[in-house]
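Colleague: Dropping the structure in here first, questions after.
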Amino acid sequence: MDSKELTVVIVTFRSESKIFDCLRSISNLAEIIVVENSNNNDLKKKLESKFSNLKCILTGENLGYAAANNIGLKSVKTKYALVLNPDTILDENAIQRFLKSAERLKDFWLMGPSNDQMVELEFEEKDLIEVNNLKGFAIFLNLSKFNNEYFDENFFLYFEEIDLCQKVKKNNGKIYLDRLIKINHDGSQSVNNLNKFELEKNRNWHWMWSTFYYHKKYKGFFLALIIIFPKLLSAFAKTLIYSILFNKNKRDIYFCRLSGIVNSIIGNKSWYRPSID
């Protein structure tokens, strides 16, 4: 199958230290759309001048992973799309393997590369394994299955790919993992030039917000509240304890966790953004 049937979509935010290595690992026959969550016109010019098969879309602000990916996916004109994190490196045959497996499967919705997720022992001899979830660093989409509706934009960070897989399974769609596709993922290395402590506060806030929102979406408000309640108590207690101990850093981390939970419970949007100054 021709690589021209595929568009690679990559969402970036201050990812200059990683994105170029990622792009060099992608076949120059595939179209690439980079969605940069800012108004960084210098990066756009640099990317488009260096890679002739690349289009860079500037969002103008940090919209988060889900919304920015939707912008990219809705701009795709090909049959398939591969959503990648900028801190990934593709093995030489990864794209061709995705396309060959897509041709074999025909009716699939999503496909992912080899990773550490657990599979049933009796399936270990198979190259293609049907699974319920994929990790979000690399997801291959059969776009005809989605009616131009992809990620839930209420998520800013975390749970987006779990939610997407849940939507596919609710529609009786097929999700596969191809054990022969290798994509290296650094993990949490896609943002550079951002204070690590600010990044940690951001992660804690959004992990808690997204945890409650996800469970509320599929299990209802009261069951989600039961699930999140121990984390709510823990975050409150530790915020108080570290305030008494004058440990500002730990206090701020647990306050972010507490704030994320409370904002999600009362129905506020996922508004927290890290300071980038």
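The values are calculated or read from the model by the stated rules, or taken from the named source; none is laboratory data. Keep in mind it's a predicted model, so treat the numbers as computed, not measured. Here Cβ is always computed from backbone atoms with ideal geometry, including for glycine, and neighbour counts include all displayed protein chains. Protein only, heavy atoms only, side chains kept; ligands, DNA and RNA dropped before computing areas. Shrake-Rupley method; radii C 1.70, N 1.55, O 1.52, S 1.80 Å.
Colleague: So PHE236 passes all but one of these: (1) modelled with pLDDT of 95 or more; (2) over 26 Å from PRO274 (Cα atoms). Which condition number does it fail?
Modeller: Status for PHE236: all satisfied but (2).
One line per residue, one yes/no per condition, for (1) under 15 Å from TRP205 (Cβ atoms); (2) open to solvent by 50 Å² or more (accessible area, probe 1.4 Å):
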position	(1), (2)
TYR218	no, yes
PHE221	no, yes
ALA224	no, no
PHE229	no, yes
THR239	yes, no
PHE246	no, yes
ARG251	yes, yes
PHE255	yes, yes
SER259	yes, no
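Colleague: Something else about it: Filter segment 43-74 down to the residues that are part of a loop (DSSP other than H, G, I, E, B), charged (D, E, K, R) and modelled with pLDDT of 95 or more and list them by number.
Modeller: Residue satisfying the conditions is LYS74 alone.
Colleague: Being open to solvent by 10 Å² or more (accessible area, probe 1.4 Å) and closer than 27 Å to SER275 by Cα: is that true of THR78 here? Before you say what the answer is, go through the steps one by one.
Modeller: Working: open to solvent by 10 Å² or more (accessible area, probe 1.4 Å): yes; closer than 27 Å to SER275 by Cα: no.
Spelling it out, it is not the case that THR78 is open to solvent by 10 Å² or more (accessible area, probe 1.4 Å) and closer than 27 Å to SER275 by Cα.
Colleague: Which residues, counting only those in segment 221-273, are in a loop (DSSP other than H, G, I, E, B) and farther than 15 Å from MET208 by Cα?
Modeller: Of all residues in segment 221-273, those in a loop (DSSP other than H, G, I, E, B) come to 245-247, 266-273.
Scanning segment 221-273 gives LEU245, PHE246, ASN247.
Colleague: Here is a further query. Right, ASP152: crowded, with 17+ Cβ neighbours inside 10 Å, among the acidic types (Asp, Glu) and either at pLDDT 95 or above or out of contact with any Ser or Thr (no Cβ under 8 Å at 6 or more places or on another chain) (or both) or not?
Modeller: Details: crowded, with 17+ Cβ neighbours inside 10 Å: yes; among the acidic types (Asp, Glu): yes; either at pLDDT 95 or above or out of contact with any Ser or Thr (no Cβ under 8 Å at 6 or more places or on another chain) (or both): yes.
Judged against the criteria, ASP152 is a match.
Colleague: With (1) touching a residue at least 60 places away in the same chain (Cβ under 8 Å); (2) open to solvent by less than 80 Å² (accessible area, probe 1.4 Å); (3) within 26 Å of LEU23 (Cα to Cα) as the list, and LEU180 as the residue in question, which single condition is left unmet?
Modeller: Failed condition: (2).
Colleague: In segment 55-71, what count of residues is obtained for those that are more than 15 Å from GLU161 (Cβ to Cβ) and either crowded, with 20+ Cβ neighbours inside 10 Å or touching a Ser or Thr at 6+ places or on another chain (Cβ under 9 Å) (or both)? Steps first, please.
Modeller: Our first condition is that a residue be more than 15 Å from GLU161 (Cβ to Cβ); within segment 55-71, this holds for 55-63, 71.
From what's left, either crowded, with 20+ Cβ neighbours inside 10 Å or touching a Ser or Thr at 6+ places or on another chain (Cβ under 9 Å) (or both): 55-62, 71.
Total satisfying the criteria: 9.
Colleague: I'd like the full set of residues that are more than 12 Å from PHE140 (Cα to Cα), touching a helix residue (DSSP H, G or I) at 6+ places or on another chain (Cβ under 6 Å) and in a loop (DSSP other than H, G, I, E, B), limited to segment 75-106.
Modeller: Within segment 75-106, THR78, PRO86, ASP87 meet the criteria.
Colleague: Find the residue count for segment 10-37, including only residues that are assigned to a strand (DSSP E or B) and farther than 18 Å from SER49 by Cα. Please lay out each step first, then the result.
Modeller: Here is the first cut: in segment 10-37, the residues assigned to a strand (DSSP E or B) are 10-12, 31-36.
Next, only the ones that are farther than 18 Å from SER49 by Cα stay: 11.
Count: 1.
Colleague: When you go through PHE20, PHE13, PHE51 one by one, which is the residue that is aromatic (Phe, Trp, Tyr), surrounded by fewer than 17 Cβ atoms within 10 Å (Cβ to Cβ) and touching a helix residue (DSSP H, G or I) at 6+ places or on another chain (Cβ under 9 Å)? Spell out how you get there, then give the answer.
Modeller: Details: PHE13 fails: surrounded by fewer than 17 Cβ atoms within 10 Å (Cβ to Cβ); PHE51 fails: surrounded by fewer than 17 Cβ atoms within 10 Å (Cβ to Cβ).
Residue meeting the stated conditions: PHE20.
Colleague: Checking the conditions here, which among PHE140, PHE197, PHE212, PHE155 is part of a loop (DSSP other than H, G, I, E, B) and on the phi < 0 side of the Ramachandran plot?
Modeller: Numbers: PHE140 fails: part of a loop (DSSP other than H, G, I, E, B); PHE197 fails: part of a loop (DSSP other than H, G, I, E, B); PHE212 fails: part of a loop (DSSP other than H, G, I, E, B).
None of the others qualify; the one that does is PHE155.
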